[in-house]
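K.L.:
Please read through the structure below; I'll follow up with questions.
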Amino acid sequence: MFRFTVIYDNEANPGFTGSWGFAAIIESNDETLLFDTGWDGILLLENMKKLQISPYHIKKLILSHQHWDHIGGLPEILQKNPDIKVFVPASFSENLKREIGKRAFLVEVEGPVEISRDIRSTGELGDKIKEQALILDTEGGSYVLTGCAHPGLASILNSALAYGNVKGILGGLHDSEEFEKLKGMETIAIGHCTLHKKKIKEIFPSEFIEIKVGLCLELR
């Protein structure tokens, strides 16, 4: 079981502040992980404080891709937690990787790799925009966590399906129109850059959850 909490998104629940970008906390029985950082590190930390999530407790940070709205909060996180382990696609800028490596333990991701128990990266996917997604394994199936899904749902889900049934997807889907790939899922929690949110909600009204800062889900 995982606890998934949105700490940065374009939209926000009352009491939180929204801003363009995405970040989420994943809590397991073993450790706390951060997926992406939004673009404003100060706002990221403010939202975390309101949710009573300490940056010092984060063991690992996974960056989905190099776009500004997913890595902008990186300096503040590294300043707060220099012991963190940072997983980035190997195609990241060499200068950026060098700077991260000065401040934290850097792990370059190429192919699929285990991040933590029951959590793995799809590895780098895509041609023009390289991106990694996360696969969260539970007893009932797996959940896929995306930053923007630039490589396309087919590519991401094919990577995840190699490990078993996918019961849910969380994160941004950009301009994807691969709606048929969502059929059969129990949870479709989307936000940030998803262009066709209304359409997806129309097709999957009972499975649809709109991602906003402050959203917390238990993934079983």
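The values are calculated or read from the model by the stated rules, or taken from the named source; none is laboratory data. It should be emphasised that the depicted structure is a prediction, and the values quoted were computed from it without experimental measurement. Backbone-built Cβ (ideal geometry, glycine too); neighbour counts: all protein chains shown. With ligands, DNA and RNA removed, areas are computed over all heavy atoms of the protein, side chains included. Shrake-Rupley method; radii C 1.70, N 1.55, O 1.52, S 1.80 Å.
K.L.:
For I200, indicate whether it is in contact with a helix residue (DSSP H, G or I) (Cβ under 9 Å, 6 or more places away or on another chain) and either at pLDDT 95 or above or within 24 Å of N13 (Cα to Cα) (or both).
P.N.:
The answer is yes for I200.
K.L.:
Sticking with this one: Condition first: part of a strand (DSSP E or B) and in contact with a strand residue (DSSP E or B) (Cβ under 7 Å, 6 or more places away or on another chain). Now tell me which residues in the range 122-148 satisfy that.
P.N.:
L125, E131, L134, I135, L136, T138, G141, S142, Y143, V144, L145, T146
K.L.:
Could you list all residues from the range 178-220 that are of a type in the set (G, A, S) and open to solvent by 30 Å² or more (accessible area, probe 1.4 Å)?
P.N.:
Across the range 178-220, the qualifying residues are G184, S206.
K.L.:
Just to be sure I understand, how many residues within the range 5-59 are assigned to a helix (DSSP H, G or I) and open to solvent by less than 30 Å² (accessible area, probe 1.4 Å)?
P.N.:
Going through the range 5-59 one residue at a time, the tally reaches 6.
K.L.:
Select from the range 128-171 the residues that are in contact (Cβ under 8 Å) with a residue 60 or more places away in the chain and hydroxyl-bearing (S, T, Y) and write down the one among them that is surrounded by the fewest Cβ atoms within 10 Å (Cβ to Cβ).
P.N.:
My answer is T138.
K.L.:
Filter the range 86-100 down to residues that are under 21 Å from the mean Cα position of the chain (by Cα) and farther than 17 Å from A133 by Cα and give me whichever is surrounded by the most Cβ atoms within 10 Å (Cβ to Cβ).
P.N.:
In this case the residue turns out to be I100.
K.L.:
Which ones in the range 101-121 are open to solvent by 60 Å² or more (accessible area, probe 1.4 Å) and not in a helix (DSSP H, G or I)?
P.N.:
F105, E108, E110, P112, E114, R117, D118
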